[in-house]
Amino acid sequence: MSQKKTALGKFIGTLHLWLGLASGLVIIVIGLTGAIYVFTDEIKPLVYRDRLFIQPENKPKLPLSQLLAVAQEAVGPNRPVTRVEISSQPDRTYIFRALKVDKEGFSHWDYYKYYWRAYVNPYNGKVVKLEDSRNEFFNLVLGLHMRMLFGEKIGHAVVSYSVLAFVLILISGLVLWWPSKWSKSNVDKSFKIKWNAKWKRVNYDLHNVLGFYACVILLVCALTGLVWAFEWFETGVKTVADGGTLAKVPAVFSDTTQQKDAAAVDRIFSQLQADKPDAHGYLINFPVKGKLPLNTSTYLTASNRYDRIQGQYDQFTGAQLRSRSFGELTNGEQLYALNFDLHVGAWAGMPGKILTFFAGLICASLPVTGIVIWWGRRKKESKPRKGAKSPLASPKPAHRLSRTI
(Lines give C-alpha, C1' and ligand atoms only; values in the text may rest on other atoms or scores of the structure.)
Protein backbone atom coordinates (compact mmCIF):
# COMPACT_ATOMS: atom_id res chain seq x y z
CA MET A 1 0.00 0.00 0.00
CA SER A 2 1.32 3.40 -0.94
CA GLN A 3 1.02 5.27 2.33
CA LYS A 4 0.82 9.00 2.03
CA LYS A 5 3.11 11.12 4.18
CA THR A 6 0.39 13.62 5.04
CA ALA A 7 -1.16 13.76 8.52
CA LEU A 8 -4.43 12.44 7.05
CA GLY A 9 -2.59 9.60 5.35
CA LYS A 10 -0.85 8.64 8.60
CA PHE A 11 -4.17 8.74 10.47
CA ILE A 12 -5.83 6.50 7.87
CA GLY A 13 -2.88 4.09 8.06
CA THR A 14 -3.09 3.98 11.86
CA LEU A 15 -6.87 3.47 11.74
CA HIS A 16 -6.46 0.66 9.21
CA LEU A 17 -3.81 -1.03 11.35
CA TRP A 18 -5.49 -0.92 14.75
CA LEU A 19 -8.96 -1.80 13.51
CA GLY A 20 -7.39 -4.76 11.71
CA LEU A 21 -5.53 -5.91 14.82
CA ALA A 22 -8.65 -5.53 16.98
CA SER A 23 -11.02 -7.42 14.68
CA GLY A 24 -8.62 -9.68 12.80
CA LEU A 25 -9.49 -13.01 14.46
CA VAL A 26 -13.22 -12.45 14.06
CA ILE A 27 -12.79 -11.42 10.41
CA ILE A 28 -10.81 -14.62 9.71
CA VAL A 29 -13.63 -16.73 11.14
CA ILE A 30 -16.33 -14.73 9.33
CA GLY A 31 -14.48 -15.04 6.02
CA LEU A 32 -13.94 -18.81 6.25
CA THR A 33 -17.44 -19.64 7.51
CA GLY A 34 -18.98 -17.27 4.97
CA ALA A 35 -17.12 -18.99 2.15
CA ILE A 36 -18.46 -22.36 3.31
CA TYR A 37 -22.02 -21.15 3.83
CA VAL A 38 -22.24 -19.69 0.31
CA PHE A 39 -22.62 -23.24 -1.07
CA THR A 40 -24.80 -24.71 1.67
CA ASP A 41 -27.71 -25.34 -0.71
CA GLU A 42 -25.37 -27.14 -3.13
CA ILE A 43 -23.47 -29.18 -0.52
CA LYS A 44 -26.37 -30.40 1.62
CA PRO A 45 -27.95 -32.59 -1.09
CA LEU A 46 -24.57 -34.30 -1.51
CA VAL A 47 -23.81 -35.03 2.15
CA TYR A 48 -27.38 -35.40 3.49
CA ARG A 49 -28.90 -37.66 0.85
CA ASP A 50 -30.11 -40.02 3.58
CA ARG A 51 -32.46 -37.40 5.04
CA LEU A 52 -33.28 -35.14 2.07
CA PHE A 53 -34.18 -37.74 -0.58
CA ILE A 54 -36.75 -40.51 -0.70
CA GLN A 55 -38.10 -42.89 -3.34
CA PRO A 56 -41.12 -41.24 -5.03
CA GLU A 57 -44.33 -43.30 -4.95
CA ASN A 58 -47.12 -43.44 -7.47
CA LYS A 59 -49.77 -42.12 -5.10
CA PRO A 60 -50.82 -38.73 -3.65
CA LYS A 61 -48.85 -37.26 -0.78
CA LEU A 62 -50.47 -37.24 2.65
CA PRO A 63 -52.24 -34.05 3.84
CA LEU A 64 -49.88 -31.49 5.37
CA SER A 65 -51.88 -31.49 8.63
CA GLN A 66 -51.26 -35.23 9.04
CA LEU A 67 -47.53 -34.86 8.33
CA LEU A 68 -47.39 -31.94 10.77
CA ALA A 69 -48.89 -34.17 13.48
CA VAL A 70 -46.26 -36.84 12.76
CA ALA A 71 -43.44 -34.29 13.02
CA GLN A 72 -44.91 -32.83 16.22
CA GLU A 73 -45.00 -36.28 17.83
CA ALA A 74 -41.39 -36.88 16.78
CA VAL A 75 -39.98 -33.69 18.31
CA GLY A 76 -42.17 -33.89 21.40
CA PRO A 77 -45.32 -32.14 22.59
CA ASN A 78 -43.40 -29.44 24.48
CA ARG A 79 -41.52 -28.32 21.36
CA PRO A 80 -44.02 -26.73 18.96
CA VAL A 81 -43.21 -27.10 15.26
CA THR A 82 -42.70 -23.57 13.95
CA ARG A 83 -42.20 -24.11 10.22
CA VAL A 84 -41.99 -26.54 7.32
CA GLU A 85 -39.92 -26.46 4.12
CA ILE A 86 -41.58 -28.17 1.17
CA SER A 87 -39.81 -28.89 -2.10
CA SER A 88 -41.82 -29.32 -5.30
CA GLN A 89 -39.54 -32.18 -6.33
CA PRO A 90 -41.28 -35.55 -5.86
CA ASP A 91 -38.21 -37.23 -4.33
CA ARG A 92 -37.69 -34.85 -1.39
CA THR A 93 -38.73 -35.06 2.24
CA TYR A 94 -40.70 -32.37 4.05
CA ILE A 95 -38.50 -30.64 6.64
CA PHE A 96 -40.29 -29.63 9.83
CA ARG A 97 -38.52 -27.42 12.37
CA ALA A 98 -39.04 -26.89 16.10
CA LEU A 99 -36.94 -24.01 17.40
CA LYS A 100 -36.72 -21.93 20.56
CA VAL A 101 -33.89 -19.57 21.50
CA ASP A 102 -32.81 -17.86 24.70
CA LYS A 103 -31.24 -14.49 23.92
CA GLU A 104 -29.75 -14.41 27.42
CA GLY A 105 -27.81 -17.63 26.81
CA PHE A 106 -24.02 -17.39 27.03
CA SER A 107 -22.90 -19.98 24.46
CA HIS A 108 -24.25 -21.42 21.21
CA TRP A 109 -25.78 -24.33 23.14
CA ASP A 110 -27.33 -22.01 25.72
CA TYR A 111 -28.69 -19.75 22.97
CA TYR A 112 -30.70 -22.64 21.49
CA LYS A 113 -33.04 -24.00 24.16
CA TYR A 114 -33.88 -26.60 21.53
CA TYR A 115 -33.55 -26.91 17.76
CA TRP A 116 -34.89 -30.03 16.05
CA ARG A 117 -35.58 -30.91 12.42
CA ALA A 118 -37.85 -33.79 11.47
CA TYR A 119 -37.42 -35.07 7.90
CA VAL A 120 -40.71 -36.73 6.96
CA ASN A 121 -41.58 -38.89 3.96
CA PRO A 122 -44.72 -37.21 2.53
CA TYR A 123 -45.98 -40.45 0.93
CA ASN A 124 -46.11 -42.70 4.02
CA GLY A 125 -45.70 -40.26 6.92
CA LYS A 126 -42.59 -41.92 8.31
CA VAL A 127 -39.84 -39.86 9.96
CA VAL A 128 -36.71 -40.44 7.88
CA LYS A 129 -34.41 -38.52 10.23
CA LEU A 130 -34.79 -36.65 13.51
CA GLU A 131 -31.91 -34.19 13.71
CA ASP A 132 -30.62 -32.25 16.71
CA SER A 133 -29.80 -29.18 14.64
CA ARG A 134 -27.88 -27.45 17.41
CA ASN A 135 -24.96 -29.73 16.56
CA GLU A 136 -25.54 -29.99 12.81
CA PHE A 137 -22.43 -28.95 10.85
CA PHE A 138 -23.91 -26.13 8.78
CA ASN A 139 -25.73 -24.70 11.78
CA LEU A 140 -22.43 -24.68 13.68
CA VAL A 141 -20.86 -22.87 10.71
CA LEU A 142 -23.71 -20.34 10.80
CA GLY A 143 -23.34 -20.00 14.58
CA LEU A 144 -19.65 -19.21 14.13
CA HIS A 145 -20.42 -16.76 11.33
CA MET A 146 -23.12 -14.88 13.21
CA ARG A 147 -22.14 -15.21 16.87
CA MET A 148 -18.72 -16.89 17.13
CA LEU A 149 -20.58 -19.77 18.89
CA PHE A 150 -21.54 -17.46 21.72
CA GLY A 151 -25.05 -16.33 22.63
CA GLU A 152 -26.88 -13.31 21.30
CA LYS A 153 -25.63 -10.71 23.78
CA ILE A 154 -21.89 -11.38 23.46
CA GLY A 155 -21.51 -13.13 20.11
CA HIS A 156 -23.85 -10.91 18.12
CA ALA A 157 -22.22 -7.76 19.51
CA VAL A 158 -18.67 -8.99 18.82
CA VAL A 159 -19.49 -9.96 15.23
CA SER A 160 -21.58 -6.85 14.55
CA TYR A 161 -18.93 -4.37 15.65
CA SER A 162 -16.19 -6.38 13.93
CA VAL A 163 -18.12 -6.15 10.65
CA LEU A 164 -18.59 -2.41 11.21
CA ALA A 165 -14.82 -2.13 11.76
CA PHE A 166 -14.26 -4.20 8.60
CA VAL A 167 -16.22 -1.68 6.52
CA LEU A 168 -13.85 1.04 7.75
CA ILE A 169 -10.86 -1.24 7.12
CA LEU A 170 -11.95 -1.80 3.51
CA ILE A 171 -12.51 1.92 2.85
CA SER A 172 -9.23 2.94 4.49
CA GLY A 173 -7.44 0.12 2.68
CA LEU A 174 -8.72 1.37 -0.66
CA VAL A 175 -7.42 4.88 0.17
CA LEU A 176 -4.00 3.46 1.12
CA TRP A 177 -3.93 1.25 -1.99
CA TRP A 178 -4.60 4.18 -4.35
CA PRO A 179 -1.37 4.92 -6.26
CA SER A 180 0.08 8.39 -5.68
CA LYS A 181 1.04 8.47 -9.37
CA TRP A 182 -0.47 6.35 -12.11
CA SER A 183 2.89 5.40 -13.62
CA LYS A 184 3.43 1.95 -15.14
CA SER A 185 5.52 0.73 -12.19
CA ASN A 186 2.92 1.91 -9.67
CA VAL A 187 0.10 0.36 -11.66
CA ASP A 188 1.97 -2.95 -11.81
CA LYS A 189 2.51 -2.87 -8.04
CA SER A 190 -1.16 -2.13 -7.44
CA PHE A 191 -2.69 -4.68 -9.83
CA LYS A 192 -0.15 -7.51 -10.11
CA ILE A 193 1.39 -9.99 -7.67
CA LYS A 194 5.14 -10.35 -8.16
CA TRP A 195 5.35 -14.09 -7.64
CA ASN A 196 9.10 -14.31 -8.31
CA ALA A 197 9.96 -11.80 -5.57
CA LYS A 198 11.00 -12.53 -1.98
CA TRP A 199 8.28 -13.90 0.30
CA LYS A 200 7.81 -10.58 2.11
CA ARG A 201 7.03 -8.86 -1.18
CA VAL A 202 4.69 -11.68 -2.21
CA ASN A 203 2.91 -11.41 1.14
CA TYR A 204 2.61 -7.64 0.68
CA ASP A 205 1.15 -8.11 -2.81
CA LEU A 206 -1.31 -10.75 -1.57
CA HIS A 207 -2.61 -8.24 0.96
CA ASN A 208 -2.52 -5.22 -1.34
CA VAL A 209 -3.63 -6.65 -4.68
CA LEU A 210 -6.09 -9.34 -3.58
CA GLY A 211 -7.60 -6.90 -1.09
CA PHE A 212 -8.30 -4.49 -3.95
CA TYR A 213 -9.84 -7.12 -6.24
CA ALA A 214 -12.14 -8.43 -3.49
CA CYS A 215 -12.96 -4.99 -2.07
CA VAL A 216 -16.29 -4.37 -3.82
CA ILE A 217 -17.69 -7.85 -3.11
CA LEU A 218 -16.52 -7.70 0.50
CA LEU A 219 -18.10 -4.29 0.94
CA VAL A 220 -21.42 -5.67 -0.33
CA CYS A 221 -21.12 -8.65 2.05
CA ALA A 222 -20.21 -6.40 5.00
CA LEU A 223 -22.94 -3.83 4.37
CA THR A 224 -25.62 -6.49 3.93
CA GLY A 225 -24.33 -8.08 7.14
CA LEU A 226 -24.82 -4.76 8.93
CA VAL A 227 -28.49 -4.80 7.87
CA TRP A 228 -28.97 -7.85 10.12
CA ALA A 229 -26.52 -6.63 12.76
CA PHE A 230 -28.02 -3.25 13.66
CA GLU A 231 -31.67 -2.25 13.66
CA TRP A 232 -30.74 1.39 13.06
CA PHE A 233 -28.80 0.40 9.93
CA GLU A 234 -31.69 -1.72 8.61
CA THR A 235 -34.14 1.15 9.22
CA GLY A 236 -31.76 3.62 7.58
CA VAL A 237 -31.33 1.48 4.46
CA LYS A 238 -35.10 1.00 4.11
CA THR A 239 -35.73 4.71 4.67
CA VAL A 240 -33.23 5.72 1.99
CA ALA A 241 -34.72 3.17 -0.42
CA ASP A 242 -38.21 4.53 0.28
CA GLY A 243 -37.10 8.04 -0.66
CA GLY A 244 -36.43 9.48 2.78
CA THR A 245 -39.63 8.40 4.55
CA LEU A 246 -40.01 4.83 5.78
CA ALA A 247 -43.08 3.29 4.15
CA LYS A 248 -45.49 1.83 6.70
CA VAL A 249 -47.20 -1.44 5.84
CA PRO A 250 -50.20 -2.20 8.09
CA ALA A 251 -49.99 -5.45 10.03
CA VAL A 252 -52.59 -8.19 9.61
CA PHE A 253 -53.81 -10.55 12.32
CA SER A 254 -55.72 -13.79 12.71
CA ASP A 255 -59.27 -13.74 13.99
CA THR A 256 -58.95 -15.06 17.54
CA THR A 257 -62.75 -15.36 17.88
CA GLN A 258 -62.67 -18.34 15.50
CA GLN A 259 -62.01 -21.92 16.57
CA LYS A 260 -58.86 -23.70 15.45
CA ASP A 261 -59.35 -25.80 12.33
CA ALA A 262 -56.62 -28.43 11.90
CA ALA A 263 -57.40 -28.68 8.18
CA ALA A 264 -56.71 -24.94 7.67
CA VAL A 265 -53.05 -25.65 6.80
CA ASP A 266 -54.19 -28.10 4.11
CA ARG A 267 -56.37 -25.45 2.48
CA ILE A 268 -53.56 -22.90 2.68
CA PHE A 269 -51.03 -25.27 1.11
CA SER A 270 -53.51 -26.27 -1.61
CA GLN A 271 -54.03 -22.61 -2.44
CA LEU A 272 -50.27 -22.01 -2.62
CA GLN A 273 -49.89 -24.92 -5.03
CA ALA A 274 -52.87 -23.82 -7.12
CA ASP A 275 -51.56 -20.25 -7.38
CA LYS A 276 -48.03 -21.33 -8.40
CA PRO A 277 -47.92 -25.03 -9.31
CA ASP A 278 -44.52 -24.66 -10.98
CA ALA A 279 -42.87 -23.03 -7.95
CA HIS A 280 -39.53 -24.37 -6.77
CA GLY A 281 -40.72 -24.77 -3.19
CA TYR A 282 -42.77 -23.44 -0.31
CA LEU A 283 -42.02 -22.30 3.23
CA ILE A 284 -44.77 -22.13 5.85
CA ASN A 285 -44.19 -20.52 9.26
CA PHE A 286 -46.61 -21.56 11.99
CA PRO A 287 -47.29 -18.78 14.52
CA VAL A 288 -46.71 -19.38 18.22
CA LYS A 289 -49.05 -16.63 19.44
CA GLY A 290 -52.76 -16.81 18.69
CA LYS A 291 -53.32 -13.47 16.98
CA LEU A 292 -50.37 -13.67 14.58
CA PRO A 293 -50.95 -14.78 10.98
CA LEU A 294 -49.52 -17.86 9.36
CA ASN A 295 -46.74 -16.63 7.03
CA THR A 296 -45.86 -18.32 3.75
CA SER A 297 -43.21 -17.93 1.07
CA THR A 298 -43.59 -19.37 -2.41
CA TYR A 299 -40.13 -19.56 -3.99
CA LEU A 300 -40.38 -19.18 -7.75
CA THR A 301 -36.81 -20.22 -8.63
CA ALA A 302 -34.02 -22.33 -7.15
CA SER A 303 -31.30 -19.75 -7.75
CA ASN A 304 -32.41 -17.03 -5.31
CA ARG A 305 -34.66 -16.26 -2.36
CA TYR A 306 -35.87 -12.76 -3.16
CA ASP A 307 -38.08 -13.84 -6.09
CA ARG A 308 -40.93 -15.17 -3.96
CA ILE A 309 -44.54 -14.49 -3.09
CA GLN A 310 -45.07 -13.63 0.57
CA GLY A 311 -48.46 -14.47 2.02
CA GLN A 312 -50.26 -14.08 5.32
CA TYR A 313 -53.19 -16.31 6.27
CA ASP A 314 -55.55 -16.58 9.20
CA GLN A 315 -54.15 -19.47 11.25
CA PHE A 316 -57.63 -20.47 12.48
CA THR A 317 -59.67 -20.43 9.26
CA GLY A 318 -57.02 -20.49 6.53
CA ALA A 319 -58.44 -17.32 4.95
CA GLN A 320 -55.94 -15.27 2.96
CA LEU A 321 -55.16 -11.94 4.61
CA ARG A 322 -52.53 -10.66 2.18
CA SER A 323 -50.32 -11.90 -0.68
CA ARG A 324 -47.60 -9.88 -2.40
CA SER A 325 -44.97 -10.72 -4.97
CA PHE A 326 -41.51 -9.13 -4.98
CA GLY A 327 -42.66 -6.44 -7.42
CA GLU A 328 -45.51 -5.43 -5.10
CA LEU A 329 -43.26 -4.71 -2.12
CA THR A 330 -42.14 -1.21 -1.16
CA ASN A 331 -38.63 -0.21 -2.25
CA GLY A 332 -37.35 -0.71 1.29
CA GLU A 333 -38.97 -4.15 1.53
CA GLN A 334 -37.51 -5.11 -1.86
CA LEU A 335 -34.01 -4.15 -0.78
CA TYR A 336 -34.42 -6.11 2.45
CA ALA A 337 -35.74 -9.12 0.51
CA LEU A 338 -32.63 -8.92 -1.68
CA ASN A 339 -30.31 -8.76 1.32
CA PHE A 340 -29.59 -12.49 1.65
CA ASP A 341 -28.99 -12.98 -2.08
CA LEU A 342 -26.66 -9.97 -2.13
CA HIS A 343 -24.85 -11.30 0.94
CA VAL A 344 -24.07 -14.72 -0.58
CA GLY A 345 -23.80 -13.61 -4.23
CA ALA A 346 -26.91 -15.56 -5.33
CA TRP A 347 -28.34 -12.45 -7.02
CA ALA A 348 -25.86 -13.12 -9.87
CA GLY A 349 -26.43 -16.87 -9.97
CA MET A 350 -23.60 -19.39 -9.73
CA PRO A 351 -20.90 -16.94 -10.98
CA GLY A 352 -21.86 -14.56 -8.16
CA LYS A 353 -21.63 -17.34 -5.56
CA ILE A 354 -18.23 -18.43 -6.86
CA LEU A 355 -16.90 -14.87 -6.69
CA THR A 356 -18.31 -14.47 -3.18
CA PHE A 357 -16.70 -17.77 -2.14
CA PHE A 358 -13.24 -16.61 -3.23
CA ALA A 359 -13.85 -13.17 -1.71
CA GLY A 360 -14.56 -14.94 1.59
CA LEU A 361 -11.23 -16.77 1.40
CA ILE A 362 -9.43 -13.50 0.62
CA CYS A 363 -11.27 -11.88 3.53
CA ALA A 364 -9.89 -14.56 5.86
CA SER A 365 -6.36 -14.07 4.48
CA LEU A 366 -6.22 -10.28 4.84
CA PRO A 367 -5.72 -10.16 8.64
CA VAL A 368 -2.96 -12.78 8.34
CA THR A 369 -1.02 -11.04 5.57
CA GLY A 370 -1.65 -7.68 7.26
CA ILE A 371 -0.19 -8.86 10.57
CA VAL A 372 2.86 -10.25 8.74
CA ILE A 373 3.40 -6.83 7.10
CA TRP A 374 2.97 -5.02 10.42
CA TRP A 375 5.27 -7.41 12.30
CA GLY A 376 7.98 -7.10 9.65
CA ARG A 377 7.87 -3.31 9.78
CA ARG A 378 7.85 -3.39 13.58
CA LYS A 379 10.98 -5.52 13.68
CA LYS A 380 12.64 -3.36 11.05
CA GLU A 381 11.94 -0.19 13.01
CA SER A 382 13.26 -1.73 16.23
CA LYS A 383 16.67 -2.50 14.65
CA PRO A 384 19.26 0.30 14.67
CA ARG A 385 20.11 1.52 11.22
CA LYS A 386 23.51 0.75 9.79
CA GLY A 387 26.02 3.37 10.91
CA ALA A 388 23.70 4.76 13.58
CA LYS A 389 25.18 5.32 17.04
CA SER A 390 24.00 2.98 19.72
CA PRO A 391 22.63 4.86 22.74
CA LEU A 392 24.55 2.47 25.02
CA ALA A 393 27.92 2.86 23.30
CA SER A 394 30.66 4.77 25.11
CA PRO A 395 31.35 8.21 23.65
CA LYS A 396 34.48 8.55 21.64
CA PRO A 397 37.24 10.42 23.48
CA ALA A 398 37.59 14.02 22.50
CA HIS A 399 40.73 15.26 20.77
CA ARG A 400 43.46 15.88 23.34
CA LEU A 401 44.04 19.49 24.10
CA SER A 402 47.46 20.93 24.75
CA ARG A 403 48.28 21.09 28.36
CA THR A 404 48.12 24.47 29.75
CA ILE A 405 49.85 25.51 32.94
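The values are calculated or read from the model by the stated rules, or taken from the named source; none is laboratory data. Owing to the predicted nature of the structure, the values given are computational and were not obtained by experimental measurement. Positions of Cβ are backbone-derived with ideal geometry, glycine not excepted, and every protein chain shown enters the neighbour counts.
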Practice prompt. Look at segment 231-260 and say how many of its residues are of a type in the set (D, E, K, R), touching a Leu at 6+ places or on another chain (Cβ under 7 Å) and part of a loop (DSSP other than H, G, I, E, B).
Written response: 0
Discussion item. Quick check on segment 300-345: of everything there that is of a type in the set (Phe, Trp, Tyr) and farther than 23 Å from residue 237 by Cβ, which residue is modelled with the lowest pLDDT?
Written reply: 316
Worksheet item: For segment 37-49, does any single residue satisfy the condition of being at pLDDT 95 or above, outside any helix (DSSP H, G or I) and over 20 Å from residue 363 (Cβ atoms)?
Response: yes
Worksheet item: Tally time: how many residues in segment 218-247 are exposed (fewer than 14 other Cβ atoms within 10 Å of the Cβ) and hydrophobic (A, V, I, L, M, F, W, C)?
Response: 2
Fill in: Counted residues, segment 101-128 - those being surrounded by fewer than 19 Cβ atoms within 10 Å (Cβ to Cβ) and either in contact with a Ser or Thr (Cβ under 8 Å, 6 or more places away or on another chain) or outside the structural domain of residue 53 (by TED's automatic domain parsing) (or both)
1
Practice prompt. Output yes when any residue across segment 52-70 is among the acidic types (Asp, Glu) and surrounded by 15 or more Cβ atoms within 10 Å (Cβ to Cβ), and no when none is.
Written response: no
Practice prompt. Taking only segment 320-361 into account, find how many residues are without any contact (Cβ under 8 Å) to a residue 24 or more places away in the chain and in contact with a Phe, Trp or Tyr (Cβ under 7 Å, 6 or more places away or on another chain).
Written response: 1
Practice prompt. Name the single residue, out of those in segment 278-300 being of a type in the set (A, V, I, L, M) and part of a loop (DSSP other than H, G, I, E, B), that is surrounded by the fewest Cβ atoms within 10 Å (Cβ to Cβ).
Written response: 288
